[in-house]
1. Anything over 32 Å Cα to Cα? Flag those among A:K174/B:K14; B:K242/B:K312; B:K157/B:K322, in the order listed.
2. What does the C-alpha gyration tensor say about the overall shape of the stretch A:87-157? Classify as rounded when a/c is under 1.5, otherwise prolate if a/b is larger than b/c, or oblate.
3. Would you mind computing, in nm to one decimal, how far apart the modelled labels at B:M170 and B:N74 are, each placed 7 Å from Cα along Cα→Cβ?
4. Tell me: how much accessible area in total is hidden between A and B, 1.4 Å probe, Å², nearest 100?
5. Students often check this: by mean Cβ neighbours within 10 Å, which of B:140-147, B:233-240 ranks highest, and how do the rest follow?
6. Using only atoms on other chains, find how many Cβ atoms lie within 10 Å of each Cβ of peptide B:38-45 and report the average.
7. Obtain the radius of gyration and the Kirkwood radius of chain B from its C-alpha atoms and give Rg over Rh.
8. What's the magnitude of the charge dipole for the stretch B:226-342 around its Cα centre, counting Lys and Arg as +1 and Asp and Glu as -1 at the beta-carbon? Answer in Debye, nearest 20.
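The values are calculated or read from the model by the stated rules, or taken from the named source; none is laboratory data. Owing to the predicted nature of the structure, the values given are computational and were not obtained by experimental measurement. FYI the Cβ positions are ideal-geometry reconstructions off the backbone, even for glycines, and counts take in every protein chain you see. When the accessible area is computed, the model is the full protein with side chains, heavy atoms only, and any ligands, DNA or RNA have been set aside. Shrake-Rupley method; radii C 1.70, N 1.55, O 1.52, S 1.80 Å.
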Amino acid sequence: MREDKEFYVGYFDEMGPNTKRNIKGFIVLVVLIVVFCAMVFGLSQRPFANSTFEFGSDTEITGIYHEMPYPMLRVEVAENEYKNIVLLGFGKSSINPFLKKIRRKGTRLTGKILTIKGNLIYYNGKTLIQLTDEENVSIKNQLFVSELPIKDEMGRVSFMGEIVDPKCYFGVMKPGYGKIHRSCAVRCISGGIPPVLATKDNEGNDRYVLLTDSSGNPINEAILNYIGKPAKVTGHLERMEDWDFLRLNTGDIEVLDQESGIYVQ
Amino acid sequence: MGLDYQFVLWNRNKKRYDIIIVFGMLFYLFLFTGLTLIFKSQTTMETLLIRAFGTLALLMLHIILAIGPLCRLNTAFLPLLYNRRHLGVSMFLAALVHGGFSLFQFHALGNTNPIYSLFTSNMDYGSLTNFPFQVMGFFALLILFAMAATSHDFYLKNLSPKIWKGLHLMVYIAYVFILFHVFLGAFQQETSVLTVSFMGLGFLSLVTLHIITGIREAGKEKQEYEINVDQWLKVCHVSDIKTNRAKICTIDNGPVAIYKYDGKISAIHNTCKHQGGPLGEGKVIDGCITCPWHGYQYLPHNGQSPPPFTDKVQTYQLKLEKGIIYLNPRALQEGTYVEPIQIEK
């Protein structure tokens, strides 16, 4: 039997013509797979929300500070029209560590006019602001207690939706909901960021409800097991200008075995 | 082959291989980010990076896992095997970018250690759909790290080829972790039929390739030989072996490569000391049996690597009667000289 010539040895420079042809063919095949793969993975992603996080860009907002129970600034956006902006700390933390430092100086905050410089987060009519340094807070000493918002009782209701952390959901992360994001939402809410139920009303419009415990106090650790899962949440609804609140017992949260309606955006 | 350990023993083919890897990776990243920025422009930079590098690592892992069986089925793919470890390390780096960014994005800047958070932020370990999929990705990354960190002949020699091979076969465990990571994570939310089908197709292709290869390899091992009065095995006619090539016969001691070269025949153990390559699928080049996987060489008459190299394999005695080759199945010590049998004209 005669000797066949072609045998590839990596450390020899030369490569037989058949080997060369085969490798070229394989590379072409891989290029096609790469193109196809990039198209499949790139184009099949769910649409991302049109939310905004103005990271690296500071905005100053001025309003009356209140905690009912979550820290917010009541800002007059038009004559007799108010928006309550949720105040957040840096990273996966509430604003409370910064406020604690301010309060240590003996400063009362509720009812006072605060000017906060931070990064805005906004989506679907809701606005939040991230504070990165307590030095970026200036306080006017005058009290405006009479201008604090009032909550109206709306009765006992049930919503189907998903409990999210508003910082990520309204702009910092995309997606800021669902299983992929659940761990992050748990960290954020565990860090004091208020939980929000993202749901839809009967007309299919997005609706957001801040969650508190049954006494209206902040709820964080107790709700961690329910975050990022489709759920039916029942409680007492309260309306405070542009925000709704739901006072609930965690026993009244039912995790649902279905796809969350908030995925369809 | 190299006598001293160097970080990389560069040669022209390795440089070409690495250039193709780098350009291939950049091409994928460019396409993925370009398409996402054009058609899904509301994405964030963090999500873009996590997804681009995650899907890149996934694609590369499938290619890496296909190379082994492809080479067993067709030797034309052997150049892909030669520098596969660089492809593996590159895949690990892509996976590390994906894992590192994800760990920072989802677990850092919080009220606990990010690694602790990874294991405890989602405690639904008893649920399939809610299972903490990031943990699976973390374990896969640890395996890939162990493999990438030992992807050098220094570790191959010092850990021993058996342990090294065992460590690197853990890529299959990493692959299973990654499948669970993707199916219990991203695919619970990114439910495109096309993406899930594409991933399933990749898995099925790999399984099919491995099964076909396994059946073929198992068939090779089921050989029975006629035994003569001296208990020697009747292997084949000398004309069945091409010049400078070998016939592999499998006996109780494992596969043996019987080489025909320079008008002679010699037999050595078939398994290369480097990474267990099949020496019988190699070729005699410059008087040395050359392994098809990485070019390690052995002298046919004594199974020793040519000086100054020191690797040795077992040798076997042969007989030639009326053109028929007989093999003594008793292996001689590694590196034992056996007089080559002259082929009668």
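1. A:K174/B:K14; B:K157/B:K322
2. Details: a/c = 1.87, a/b = 1.18, b/c = 1.58.
Because a/c hits 1.5 or more and a/b fails to exceed b/c, the stretch A:87-157 counts as oblate.
3. A separation of 3.4 nm, rounded to one decimal place.
4. Working: alone 15040 and 19610 Å², together 28490 Å².
Roughly 6200 Å² of accessible surface disappears when A and B pair.
5. Result, highest mean Cβ count within 10 Å first: B:140-147, B:233-240.
6. Working: counts 2, 5, 8, 3, 8, 5, 10, 1.
Per-residue shielding by partner chains comes out at 5.
7. That ratio is 1.08, to two decimals.
8. Computed charge dipole of the stretch B:226-342: roughly 180 debye.
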